[in-house]
């Protein structure tokens, strides 16, 4: 697939999309920090309800982001992300869970799947990797939140396997988008993380670059490889290649902004 483009909506919201998904009629997007109402340090399109920002401003931002994509914000389904590997199937009964109130989010979950049209799945990020999945044969979608813990636990891979179990998805048919996150240029990890990576990836040496007594980790490649491992075709995986830590004027970065920042959102809907 073609990679990733950033667009400016008529309502002032800036967001990115994967042309390969758009060409299949899949409404989706990865927000930036531009075009919202939040004030510093969450300036300005913060979509996270759990970080101390004004709830009314955040709900306005979520509505603006969804409106830019032609999606109903009030039906969006979100999760209480915990850096785990739980994948939750979303049904009509879940419509709107967590859209306006964080305590209503699906608990303890870092990936969502559905085959129901018009039911947007939305997760939130500030350096972790958004992974968007589309099965065009069975008309099913998935989205996962992959920080280093989720990446080592292969949450992206498990999302596709859950789609396979629930919807008979064949990974070879799937399209995948790996969104903006902290890049290998900026993501330095310690020996503890390296040991976890070594336990989970046979080719772990391809995913790190030594930097003194630490290592720079390529989360993009780790997620791409785990998707290929279960049969997603390389040409069907699009990597944005945009580092959030290098681009804090456009995206939020938990690491580059010392933990005091907002959250971008990634959303996908049939």
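No lab work stands behind these numbers, since they all come straight from the coordinates. These figures come from a predicted structure and were not determined experimentally. Reconstructed Cβ throughout: ideal geometry from the backbone, glycine too, with neighbour counts over all protein chains shown.
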ask   = How large is the helix-only mean residue ellipticity at 222 nm for the chain, computed as the sum of -39500 (n - 2.57) over DSSP H runs with n ≥ 4, divided by its residue count, in deg cm²/dmol to the nearest 500?
value = -6000 deg cm²/dmol
ask   = Going 7 Å from the Cα of residue 83 in the Cα-to-Cβ direction, what parts of region 133-158 have a backbone nitrogen less than 18 Å from that spot?
value = 144-156
query = Pulled fully out, how much extra length does the chain show between residue 40 and residue 67, if you take 0.36 nm times their separation in residues and subtract their Cα-Cα distance?
reply = 7.4 nm
Relative contact order, percent, region 5-269 [alpha-carbon distance under 8 Å, six or more residues apart] = 21
message = Within a 10 angstrom radius of the beta carbon, how do 13, 6 rank from fewest other beta carbons to most?
response = 6, 13
Sequence of 103, 83, 254 once ranked by neighbouring C-beta atoms within 10 Å, starting from the fewest = 103, 83, 254
request  = Could you please rank 160, 208, placing first whichever residue has the fewest other Cβ atoms within 10 Å of its Cβ?
outcome  = 208, 160
key: Spacing of the two label points (7 Å from each Cα toward its C-beta) at residue 188 and residue 206, in nm   = 2.7
